[in-house]
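*Asks:* Have a look at this one before I ask anything.
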Amino acid sequence: MTLPQIAALAILGGMIVLFVWNRLRYDLVALLGLVLAVAVGIVPAERAFDGFRDQIVIIVASALILSAATGRSCSPRDSTEFRGRMDRRSWTSAPR
């Protein structure tokens, strides 16, 4: 094995340990892994963020943002209660 391969495996191993340890947020662990890979020289600094050019990254990030916003705006229990109240109303019958 070459030195860059050993460094890459060591960084990945360290990231897995940090993921399992669950003390740091997953995005910080990923950023730390990227910074270490750039510092060691595995990833060239000018190409460090090339992965963010892909459209799927933007789509996934948008979905995560919408999911977080929906989760913070109301709880699933609240939306279920609202739907239940709306179902109890008789929308098809004429007013008496």
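Bear in mind these aren't lab numbers, they're just calculated from the coordinates by the rules spelled out. All values derive from a computational prediction rather than experimental measurement. Cβ sites come from the backbone with ideal geometry, for glycine too, and all protein chains shown count toward neighbours.
*Asks:* Mind checking which residues of segment 36-52 are loosely packed, with under 13 Cβ neighbours inside 10 Å and assigned to a helix (DSSP H, G or I)?
*Replies:* Ala39, Ala45, Glu46, Arg47, Asp50, Gly51, Phe52 - these are the residues of segment 36-52 that are loosely packed, with under 13 Cβ neighbours inside 10 Å and assigned to a helix (DSSP H, G or I).
*Asks:* Here's a follow-up. Give segment 7-27 a look and list any residue that's part of a helix (DSSP H, G or I) and either touching a residue at least 40 places away in the same chain (Cβ under 8 Å) or surrounded by 11 or more Cβ atoms within 10 Å (Cβ to Cβ) (or both), or say none.
*Replies:* Once the filter is applied, which keeps residues that are part of a helix (DSSP H, G or I) and either touching a residue at least 40 places away in the same chain (Cβ under 8 Å) or surrounded by 11 or more Cβ atoms within 10 Å (Cβ to Cβ) (or both), segment 7-27 yields Ala7, Ala8, Leu9, Ala10, Ile11, Leu12, Gly14, Met15, Ile16, Leu18, Phe19, Tyr26.
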